[in-house]
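Encoded as structure tokens, the structure appears first; notes follow it.
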Amino acid sequence: MNRHILILWPVATFCLLLFSSPAFSAVTDLFEMDGNGTTEVYDDAANIYCDEYPADPDCAGVAASSALADGYFVDPLNTQDDDIFGGAKDSLDITEWKWKFGKSNAKNDIEHAFAALYQHPGPGTDTGKYFLYFGMDKLDNSGDAALGFWFLVNKTEKEGDGTFSVGHGLGDVLIQADVTQGGDIDRIEVYTWGENGLLNDPVAPSQGLLHRAIAGTECNGGDPEACGYMNNGDPNDTNAGVDLTPWSFTFKGPGGPTTTDPGAHPVSTYFEAGLNLSALFPNGIPCLSSFVAETRQSQSETAELEDLLLAQFDTCSLDVDKEGPEYGKVGDDAEYTITITNDGALPLFKDTITDTVFDLNNADSDTCGAVLNPGDSCEIVYTYTIPADGDNPLENTVTATYTRGTSTAEGSASHEMVIINPMISLSKTADPTTLSQGESAEYTITLTNNSSVGTPTLVCTIEDAILGINHGPFNLTTGSSHTIMPKPTETFDYQTDTPFDWCTDAPEGAQDCTNTATATCSPMGFPNEVEDEDDATVRVIPGVVDLTVTKEGPGYSKTGDTVIYNVTIMNNADDA
């Protein structure tokens, strides 16, 4: 017959273990439940602390924790800026909890807390099962106190108005230990928010959905099989002044607060416990997102809570990345790569993967299967044709949603691409546009970059075969112009004494001589090319030039005489 056994250590350290069988080694070979936080063989609280503070000299030689997820948390100690409950009960939904800044009484004042999730690697009947370990220490060991640990499926945060962001979720777990003066444990119980498959005993159902899963047990002097096995062989359990943890600890003794470094903990100030989470959730453990360590003076589940430590403890997490080109042009195919990584502690099951601009059912590749195990990644690659009517920049977001039972893990990533629209305009003019045979025309060629804002600088060339121009390459920024305008000595002349094969007949025997310039540009870093061309036409008036020049003057003269010359220039051509 399977039994759920509570394992209890007295005085300084207490331990709760929930089993589906009475096997003890199934838990102790993951985390040391030995009454101190010092690592000896397996993981202990020191490993959890040193994961957070590896540079602490007291962490020298302490290995990284083998936990799937862990966290070490510090609570302000007996100061006005400590966050404490301002009205809350375990029986109420978190939406009805309140918090405030203030001071809790010493025996309920939390200093530090930790939590860790492990999966048993095997061999044995516990292979693959999940185990939670957690603990706290507090300022004073006098009087009665109740210690509580909530593991929440929702990510819950404190709001500035004294409320909490999110309420309870089905599957939240509470472990409650009642400590009496002198360090005895009167009761340890396990609860779930919502129904469970064990006792399923509603607690104050008019207030909320708190259900007892494992009943409290009077362990001192009780049935050892009901209460567990006493660990009397470890002298570190009850001795004051023993270095239990690498972190500093403050104790409010008879002489006032005393700080020890490393953390020597007097009797009944340090608590650690473990829970077989798979025994509580045999169909699969839920995702956990937040951790709450709490205290209260009364042992009643409906009593007011006192000190509060709220921290994030994510066991289900997705990291989503999306990569694509920085720039794109309308009509081009942009290739995107989506990478989804399970960076949490538990396997997740694919629900939906959506993209704001593309139906991923038509993706070029989809390697995201039904299950994504911790540490694994999957990749989706697709191409998207950039539309002419899209936003610029083009922003698109991929969202991946995975589930585990009733829990959901979600991640998203956005990508922004500047849509480039390279545009140029080329202008070519001639001056004059009408001339007679033998006269010259001067050409001006201007290239303007009319690209959209964000388009990279254009690299351009200008060619004009008739004028013998092969200009460039040169850079042209958006909105700027580049002009080829010859100097007077570089005027592009052509004489019309002989026919040109690029001229055509015009009325009254004239000729229209047209030549074309072409500009070609590419955005820097892109193979795309844009072109523009422009031409200029010059009309040449027909006529043959036949000039004669004569010069007449006296045949003889002498020094001092004035000589007169006559120069005559005659155009002998018809219709000149």
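The values are calculated or read from the model by the stated rules, or taken from the named source; none is laboratory data. Here the structure is a predicted model, which is why all the values come from computation and not from measurement. Methodologically, a virtual Cβ is constructed for each residue, glycine included, from the backbone with ideal geometry; neighbour enumeration extends over all protein chains shown. Surface accessibility is based on the protein's heavy atoms, side chains included, excluding ligands, DNA and RNA. Shrake-Rupley method; radii C 1.70, N 1.55, O 1.52, S 1.80 Å.
Selection within the range 512-534: residues that are at pLDDT 85 or above and open to solvent by 70 Å² or more (accessible area, probe 1.4 Å). The member of this set that is nearest to ASN449 (Cα to Cα) is GLU531. Just one residue in the set ASP70, ASP29, ASP75, ASP34 is modelled with pLDDT under 75 and charged (D, E, K, R); that residue is ASP34.
Mind listing whichever residues of the range 54-100 are touching a Pro at 6+ places or on another chain (Cβ under 9 Å) and among the acidic types (Asp, Glu)? ASP56, ASP58, ASP82, ASP83 - these are the residues of the range 54-100 that are touching a Pro at 6+ places or on another chain (Cβ under 9 Å) and among the acidic types (Asp, Glu). Hey, any hits in the range 92-110 for a residue that's closer than 20 Å to ILE175 by Cα, part of a loop (DSSP other than H, G, I, E, B) and not acidic (Asp, Glu)? Within the range 92-110, one or more residues are closer than 20 Å to ILE175 by Cα, part of a loop (DSSP other than H, G, I, E, B) and not acidic (Asp, Glu).
Limited to the range 29-40, what total is found for residues that are open to solvent by 40 Å² or more (accessible area, probe 1.4 Å) and in contact with a helix residue (DSSP H, G or I) (Cβ under 9 Å, 6 or more places away or on another chain)?
Filtering the range 29-40 for residues open to solvent by 40 Å² or more (accessible area, probe 1.4 Å) gives 29, 38-40.
So of that shortlist, the ones also in contact with a helix residue (DSSP H, G or I) (Cβ under 9 Å, 6 or more places away or on another chain) come out as 38-39.
Residues meeting the conditions: 2.
Test SER65 against the stated conditions and say whether it is part of a loop (DSSP other than H, G, I, E, B), modelled with pLDDT under 95 and open to solvent by less than 40 Å² (accessible area, probe 1.4 Å). Quick ask: steps written out before the conclusion?
On the way: part of a loop (DSSP other than H, G, I, E, B): yes; modelled with pLDDT under 95: no; open to solvent by less than 40 Å² (accessible area, probe 1.4 Å): yes.
Answer is no for this residue.
Of all strands (runs of 3 or more DSSP E) completely enclosed by the range 259-337, which ones contain at least 3 residues that are out of contact with any Gly (no Cβ under 9 Å at 6 or more places or on another chain) and under 24 Å from LEU199 (Cβ atoms)? Quick ask: steps written out before the conclusion?
Values: elements: 270-276, 290-296, 308-312, 318-323, 327-329.
In the range 259-337, the matching strands (runs of 3 or more DSSP E) lie at 270-276.
Of all residues in the range 412-450, those that are closer than 27 Å to ASP512 by Cβ, in contact with an Asp or Glu (Cβ under 8 Å, 6 or more places away or on another chain), part of a strand (DSSP E or B) and small (Gly, Ala, Ser) total 3. Between residues in the range 163-180 that are under 21 Å from TYR133 (Cα atoms) and touching a residue at least 40 places away in the same chain (Cβ under 8 Å) and residues that are open to solvent by 20 Å² or more (accessible area, probe 1.4 Å) and part of a strand (DSSP E or B), which pairs lie under 7 Å by C-beta distance while being six or more apart or on different chains? Matching pairs, first to second residue: ASP178/ASP186; ASP178/ARG187. Return yes when THR125 is open to solvent by 20 Å² or more (accessible area, probe 1.4 Å) and within 24 Å of LEU68 (Cβ to Cβ) and no when it is not. Considered against the rule, which asks whether it is open to solvent by 20 Å² or more (accessible area, probe 1.4 Å) and within 24 Å of LEU68 (Cβ to Cβ), THR125 comes out as yes. Within the range 207-259, if we keep just the residues that are among the hydroxyl-bearing types (Ser, Thr, Tyr) and over 42 Å from the mean Cα position of the chain (by Cα), the residue that is modelled with the highest pLDDT turns out to be THR258. Take the conditions (1) under 30 Å from SER425 (Cα atoms); (2) modelled with pLDDT under 80; (3) more than 60 Å from the chain's Cα centre (by Cα); (4) exposed (fewer than 13 other Cβ atoms within 10 Å of the Cβ); ASP505 misses just one of them, which is (2).
Whenever a residue of the range 100-123 is of a type in the set (Ser, Thr, Tyr), its partners that are open to solvent by 10 Å² or more (accessible area, probe 1.4 Å), lying with C-beta atoms within less than 6 angstrom and at least six residues away or across chains, give the pairs SER104/ILE84; SER104/GLU306; TYR118/LEU30; TYR118/ALA67. Taking the criterion of being in contact (Cβ under 8 Å) with a residue 40 or more places away in the chain and within 13 Å of THR245 (Cβ to Cβ), the residues of the range 32-46 that qualify are ASP34, GLY35, ASN36, GLY37, THR38, ALA45, ALA46. When THR315, THR385, THR302 are screened for being closer than 30 Å to ILE84 by Cβ, touching a residue at least 12 places away in the same chain (Cβ under 8 Å), polar (S, T, N, Q) and in contact with an Asp or Glu (Cβ under 8 Å, 6 or more places away or on another chain), only THR302 passes. The residue pairs whose first member lies in the range 542-562 and is in a loop (DSSP other than H, G, I, E, B), whose second member is open to solvent by 100 Å² or more (accessible area, probe 1.4 Å) and modelled with pLDDT under 80, and whose beta carbons are closer than 7 Å, counting only pairs six or more residues apart or on different chains, are GLY543/ASP575.
Would you pick out the residues in the range 151-187 that are in a strand (DSSP E or B), closer than 21 Å to GLU301 by Cβ and modelled with pLDDT of 95 or more?
Step one: of the range 151-187, the residues in a strand (DSSP E or B) are 151-152, 158, 164, 173-179, 185-187.
If we keep only those that are closer than 21 Å to GLU301 by Cβ too, we end up with 151-152, 164, 173-179, 185-187.
Within the range 151-187, PHE151, LEU152, PHE164, VAL173, LEU174 qualify.
Quick check, is THR461 at pLDDT 90 or above, closer than 16 Å to GLU531 by Cβ and of a type in the set (Ser, Thr, Tyr)?
Details: at pLDDT 90 or above: yes; closer than 16 Å to GLU531 by Cβ: yes; of a type in the set (Ser, Thr, Tyr): yes.
So THR461 fits the description; yes.
The criterion of at least 2 residues that are at negative phi, surrounded by fewer than 17 Cβ atoms within 10 Å (Cβ to Cβ) and among the charged types (D, E, K, R) is met by the following strands (runs of 3 or more DSSP E) wholly inside the range 343-411: 348-355.
Here are some residues: ALA363, ALA334, ALA311. Which one is modelled with pLDDT of 95 or more and either under 30 Å from the mean Cα position of the chain (by Cα) or under 30 Å from CYS378 (Cβ atoms) (or both)?
Working: ALA363 fails: modelled with pLDDT of 95 or more; ALA334 fails: modelled with pLDDT of 95 or more.
Only one candidate passes the filter, namely ALA311.
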